[in-house]
Amino acid sequence: MVELEKEVLPLPPRYRFRDLLLGDWQSDDRVQVEFYVNENTFKERLKLFFIKNQRSSLRVRMFNFALKVLSCLLYIVRVLLDNPQEERQDWKLIIWVERPLPLWALQVLVAFISFSETMLLVYLSYKGNVWEQVLRVPFILEMISTVPFMITVILPSLRNLFIPVFLNCWLAKHALENMINDLHRAIQRTHSAMFNQVVILISTLVCLMFTCICGIQHLERAGNNLTLFHSLYFCVVTFSTVGFGDVTPQIWPSQLLVVIMIFVALIVLPIQFEQLAFLWMERQKSGGNYSRYRAQTEKHVVLCVSCLKIDLLMDFLNEFFAHPRLQDYYVVILCPAEMDVQVRRVLHVPLWALRVIYLQGSALKDQDLMRAKMDDAEACFILSNRFEVDRIAADHQTILRAWAVKDFAPNCPLYVQILKPENKFHVKFADHVVCEEEFKYAMLALNCVCPGTSTLITLLIHSSRGQEGGAGSADQWHRTYRRCSANEVHHIRLEESKFFGEYQGKSFTFASFHAHKKFGVCLIGVRRLDTTNILLNPGPCHIMGASDTCFYINISKEENSAFVRGQREPSWGVTGGDSRGVHPSIYHGLTRLPVHSIIASMGTVAIDLQDSSDSSPEGPTLSLPTMGDSADERRHSIAPVLELVDGVNNPTFDLLGEQSEDEGGEEGKCGLSHRWVKGYPPNSPYIGSSPALCHLLQEKMPFCCLRMDKACHHIPFEDARSYSFKNKLIIVSAEAAGNSLYNFIVPLRAYYRTRKELKPIVLLLESIPEADFLEAICWFPMVFYTVGSIENLDSLLRCGITFADTMVVFDKESSMIAEEDYMADAKTIVNVQTLFRLFPALSIITELTHPANMRFMQFKVKDHYSLALSKLEKKEREKGSNLVFMFRLPFAAGKVFSVSMLDTLLYQSFVKDYMISITRLLLGLDSMPGSGFLCAMKITEDDLWIRNYGRLYQKLCSSSGDIPIGVYRTEAHKLPVSESQVSITVEDYEDTRESREPLLSRTGAHRNSTCSEPISTSSHSSDHPLLRRKSMQWARRLSRKGGRGSNAAKGGPGSAAERISQQRLNLFRRSERQELNALVRTRMKHLGLSPTGFNGMTDQGNRLSYILINPSPDTRLELHDVVYLIRPDPLSLVPNQGSSRKCSAGLSESHRFDTQDSTHL
């Protein structure tokens, strides 16, 4: 303090003068204050050491426990050394014992130490009431076992006096309880209450037995002179209620002691067992702990959820344990809610009982994270509760859980599921993040321009072996669809691969085509060693390197595949000189040519191969024979895929302008003068959205012009018909305009789409959107909104549903919670079913909360085919399949989607860390320079000469560099006729002069379970089942005959009664279809809308669609097949298809095939 005072500077003069005026100049009033002076006393220091400090107190408790155990051991030694000689009953033997001098000295020393410690603790714990300390049971027992020994020091004649030292066992039990409590405080690790209660119960049993053994042995010194072993035998037999009777107490004091001990046991033990049972039940609810020894020797992952449903649990377990290398992992579930009955029943199944551990606790508590051994976990999955009423609040809970886990275990990989895209940037630190609404809206947007995208992605992110449905399925499409659904995305380094190792130094398209031709695998992307960016189809300019990681689609990964070369010849090629009478191989011509060596010569290789194919001795195998004597007869051919590209030019893709065929645009039709440009959207509705190059307006649309059902001073239109759109509408039904709808618009306005194929988007919202959302969408062309509900027919008609091609119905957030499980979709299902009945030509894509409810989509009574699919689904559920709903017709066709199907994407990322990146690239959520994009093309009649999928693969790779990954096929299936399909319909059909051909002859042969009928939704008579057409003709003739008979009976048509009866008959004969059409037309007239162009008679009930992922090369192409393609990035360099390889026939054919009716995604 002296040094501190020397360092203090003198006060300024003004302060000295003020102090002088105040009279405080004579003395220094600064006072040094010392804190916590009460702890400096000797008593407080002792209390700090013996009681307050956890570690020192623990040491004191352990010493006290050891001291009591030592006193009990000394008593046992004294009993073993004692040997009374009197055989007669002598009560003096109960009072006096033999105690050797060294043993007495040790017992006196132990007693003195115990007494001193007890008195010191009484002094330190004294709080004003001495009787509170004196009358405590431990204090009384301590006095009984220590004070007599100190008296024997003063009175040597009492040295052999009996002292009940064995009562120290109860003091040892008390010290053990205190020691456990101090142990928990010292090491900050809380054992379960179950552990404490078990320790107390065991110590109570030991103390009871030890007290009874020692008491009976001592009292029987005056009787049978029992040894300790005989006393132990007697106590065990007595307390176990066996009672042999060979050893019994002989004198009344020992008999009284037995009675007392039995009463004590009957009182104390039931209380202990009751507490133990209660804690056991509580432990069953909370789940206990995950063993640290198991955490250090076994691998485990932690699943953190706020509410665990049986569907979520089974999806996670089936997908997680579907991978062979995860079979030895444990799954620890950390959930704050109590385990429900269904989850408990599942976790008792032996398959999961040994691999799944349920812990009730919160991820925000370090104790619960410690119970789950989060710091030793291989990964932590944090899932949001999508059934929460407030989805933003559910995201906030997920964010806090992620922060808590990252704070507790910084090295534990995090896999986070978030609901709202605006909350995604809070968990950017996580290793993998899946934003539910971001994926959902982008996926359903692509479904509008490419059918079945949602089913394609769902099948790719689910693990399957293609064994669903059974091998003996009667339907051909079941077997094909099942086999192709087993394809997944795998990866391997090129230098380690047998699939792609031989293509090192070759172009990407060359490697992809020949790997598919030789092994049936589809190479879709690569990743360089020096970068983490995945490139989907980088194009023919990309040269494969040895260190490249190849991503391919196949049923199993290469490491689990066996290569048998001799098995391919019977089906892939023809060995021998004459191929007549044998099915021609699809790659016969190319297989016989030394492709791998010839293509190395640059220049005119493609032309030479095309010319040589016509002069083959066995005839052309890549082109069709001459088709008649047509004037424009020619042979089609396919150029081989080049190993290397000899030159590249800058692409002619114009970022600022449009092609000449797009100059017309839609501006004049819509009454707008805005020009279209390409650029990045200036306003993003949330933080973290990936920038995407899109079609934009040069000047943003005024907010008043965005509303379609209300006119403004800029646009006088009030309905969709007035805009005269060239393309049909896409209507989106949503509860509110959330930020996620932005991800629905961006893929449909991508830069690689031409203006002619852009479809207007109409948002049907139940409330007026906020200004922030309008500011984000006002830059996109042909995006409008209306206010209404899907339940209101007038709202649907105002938004132009009669001019729509596709309608997307998103699930309402407010209806996701229902009192009964699976009832959350009731409102959506009924509304969509109404839409199906009112507008059967409309393609409706529906989002459901529960995948199990998709069986109610397009529900038909007494539909035997749907009943058969329902039985098949039940069998798959019993087998534990990951895709029990895959054979449901709405799912196979991509007409229904549940966001829970995306959960497996996060689970699969634990094994395949690239799956989220690849899925985002496929959906257009991310755009990587040089990476391709997903698109689709439709097979027309001009393309059927290609014949099969393998030749299509070669055609695409050699012409445009596209990589096909699958086929969307639609078949006219002979479904069993249901009761609702034979209703008599007599409206809008006047083709009664139709030839009376048999039904089977008009239907045609069902080749390869497919039909070449178009999948267009236009209302043409050829689109309808012939059965209904025949029934309508029959009904029409019947009505005419009935009319003539009534006219003859009544004597003329002028009778009023006849007119009334005829009107009544017409009303009775009206079908349900007629009534629905009349209702729609009436409402359109009432709203001032023209009903022309509306025809609700289109029926597609006998059509089914499904997806074939990476089909075999010999799969035949059918008319109107939609082929999924991964097209190279137009902004990157593309190979020059110019002068060096120009051939009039081949190049013109290639250009025609590339620019034909194709739909970009």
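Of everything in the stretch 936-951 that's among the hydrophobic types (A, V, I, L, M, F, W, C) and in contact with an Asp or Glu (Cβ under 8 Å, 6 or more places away or on another chain), which residue is nearest to E757 (Cα to Cα)?
Among residues in the stretch 936-951 that are among the hydrophobic types (A, V, I, L, M, F, W, C) and in contact with an Asp or Glu (Cβ under 8 Å, 6 or more places away or on another chain), the one nearest to E757 (Cα to Cα) is M937.
For H348, are the conditions met, namely being out of contact with any His (no Cβ under 6 Å at 6 or more places or on another chain), of a type outside the set (S, T, Y) and open to solvent by less than 30 Å² (accessible area, probe 1.4 Å)? Give the derivation first.
On the way: out of contact with any His (no Cβ under 6 Å at 6 or more places or on another chain): yes; of a type outside the set (S, T, Y): yes; open to solvent by less than 30 Å² (accessible area, probe 1.4 Å): no.
In short, no.
In the stretch 293-321, what residues are small (G, A, S) and either modelled with pLDDT of 85 or more or surrounded by 20 or more Cβ atoms within 10 Å (Cβ to Cβ) (or both)?
Within the stretch 293-321, S306 is the sole residue that qualifies.
Quick one: T509 ticks every box in (1) modelled with pLDDT under 90; (2) among the polar types (S, T, N, Q); (3) in contact with a helix residue (DSSP H, G or I) (Cβ under 7 Å, 6 or more places away or on another chain) except a single one, so which number is it?
Among (1) modelled with pLDDT under 90; (2) among the polar types (S, T, N, Q); (3) in contact with a helix residue (DSSP H, G or I) (Cβ under 7 Å, 6 or more places away or on another chain), T509 violates only (1).
Go through the residues of the stretch 711-733 one by one and say whether even a single one is surrounded by 18 or more Cβ atoms within 10 Å (Cβ to Cβ) and under 20 Å from S927 (Cβ atoms).
no
Quick one: count up the residues across the stretch 479-502 that are assigned to a strand (DSSP E or B) and basic (K, R).
Qualifying residue count for the region: 1.
Between residues in the stretch 238-259 that are of a type in the set (D, E) and residues that are modelled with pLDDT of 85 or more and open to solvent by less than 60 Å² (accessible area, probe 1.4 Å), which pairs lie under 8 Å by C-beta distance while being six or more apart or on different chains?
No pair meets every condition.
Can you name the helices (runs of 4 or more DSSP H) wholly within the stretch 56-146 that have at least 2 residues being open to solvent by 70 Å² or more (accessible area, probe 1.4 Å) and closer than 23 Å to L176 by Cβ?
Once the helices (runs of 4 or more DSSP H) in the stretch 56-146 are filtered for at least 2 residues that are open to solvent by 70 Å² or more (accessible area, probe 1.4 Å) and closer than 23 Å to L176 by Cβ, what remains is 101-124.
Which condition does Y742 not pass, out of (1) farther than 20 Å from L797 by Cα; (2) open to solvent by 40 Å² or more (accessible area, probe 1.4 Å); (3) modelled with pLDDT of 85 or more, if it passes all the others?
(2)
Could you list, in sequence order, all residues of the stretch 535-556 that are open to solvent by 10 Å² or more (accessible area, probe 1.4 Å) and closer than 13 Å to Y914 by Cβ?
Hits for the stretch 535-556 are L535, T549.
Every residue in the stretch 546-559 that is closer than 11 Å to A511 by Cβ and assigned to a loop (DSSP other than H, G, I, E, B), please.
D548
Tally time: how many residues in the stretch 220-266 are open to solvent by less than 70 Å² (accessible area, probe 1.4 Å) and on the phi > 0 side of the Ramachandran plot?
Number of matching residues: 3.
So for the stretch 780-793 (the condition being open to solvent by less than 10 Å² (accessible area, probe 1.4 Å), modelled with pLDDT under 90 and either of a type in the set (A, V, I, L, M, F, W, C) or out of contact with any Cys (no Cβ under 9 Å at 6 or more places or on another chain) (or both)), does at least one residue qualify?
Looking through the stretch 780-793, none of the residues is open to solvent by less than 10 Å² (accessible area, probe 1.4 Å), modelled with pLDDT under 90 and either of a type in the set (A, V, I, L, M, F, W, C) or out of contact with any Cys (no Cβ under 9 Å at 6 or more places or on another chain) (or both).
L902: free of Cβ contacts under 8 Å to residues at least 60 places away in the same chain and either open to solvent by 10 Å² or more (accessible area, probe 1.4 Å) or within 30 Å of T531 (Cα to Cα) (or both), yes or no? Explain how you work it out, then say what you get.
Values: free of Cβ contacts under 8 Å to residues at least 60 places away in the same chain: no; either open to solvent by 10 Å² or more (accessible area, probe 1.4 Å) or within 30 Å of T531 (Cα to Cα) (or both): yes.
Against the criterion (free of Cβ contacts under 8 Å to residues at least 60 places away in the same chain and either open to solvent by 10 Å² or more (accessible area, probe 1.4 Å) or within 30 Å of T531 (Cα to Cα) (or both)), L902 does not qualify.
Restricting to the stretch 913-970, name every residue that is of a type in the set (D, E) and in a loop (DSSP other than H, G, I, E, B).
Matches in the stretch 913-970: D913, D926, D962.
Taking the condition crowded, with 19+ Cβ neighbours inside 10 Å and either touching a Lys or Arg at 6+ places or on another chain (Cβ under 6 Å) or of a type in the set (S, T, N, Q) (or both), does C448 pass?
no
Of the residues V247, V236, V301, V264, only one is within 59 Å of the chain's Cα centre (by Cα) and not in a helix (DSSP H, G or I); which?
Being within 59 Å of the chain's Cα centre (by Cα) and not in a helix (DSSP H, G or I) holds for just one of V247, V236, V301, V264, which is V301.
Which one of these is at positive phi, surrounded by fewer than 20 Cβ atoms within 10 Å (Cβ to Cβ) and not hydrophobic (A, V, I, L, M, F, W, C): G924, G961, G930?
From the options G924, G961, G930, the qualifying one is G930.
Which numbered condition trips up F425, out of (1) open to solvent by 10 Å² or more (accessible area, probe 1.4 Å); (2) in contact (Cβ under 8 Å) with a residue 40 or more places away in the chain; (3) not small (G, A, S); (4) not in a helix (DSSP H, G or I)?
(4)
Quick grid of which residues meet (1) in a helix (DSSP H, G or I); (2) free of Cβ contacts under 8 Å to residues at least 40 places away in the same chain:
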{"residue": "Q342", "(1), (2)": "yes, yes"}
{"residue": "R386", "(1), (2)": "no, no"}
{"residue": "D395", "(1), (2)": "yes, yes"}
{"residue": "A404", "(1), (2)": "yes, no"}
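Search the stretch 740-764 for residues that are more than 24 Å from P929 (Cβ to Cβ) and free of Cβ contacts under 8 Å to residues at least 24 places away in the same chain and pair each with any residue that is among the polar types (S, T, N, Q) and in a helix (DSSP H, G or I) when their beta-carbon atoms are under 7 Å apart and the residues are at least 6 apart or on different chains.
Filtered contacts from the stretch 740-764: no entries.
The values are calculated or read from the model by the stated rules, or taken from the named source; none is laboratory data. Just so you know, these numbers come straight off a predicted model, no measurement behind them. With ideal geometry, Cβ positions are generated from the backbone for all residues, glycine too; neighbour counts draw on all protein chains shown. With ligands, DNA and RNA removed, areas are computed over all heavy atoms of the protein, side chains included. Shrake-Rupley method; radii C 1.70, N 1.55, O 1.52, S 1.80 Å.
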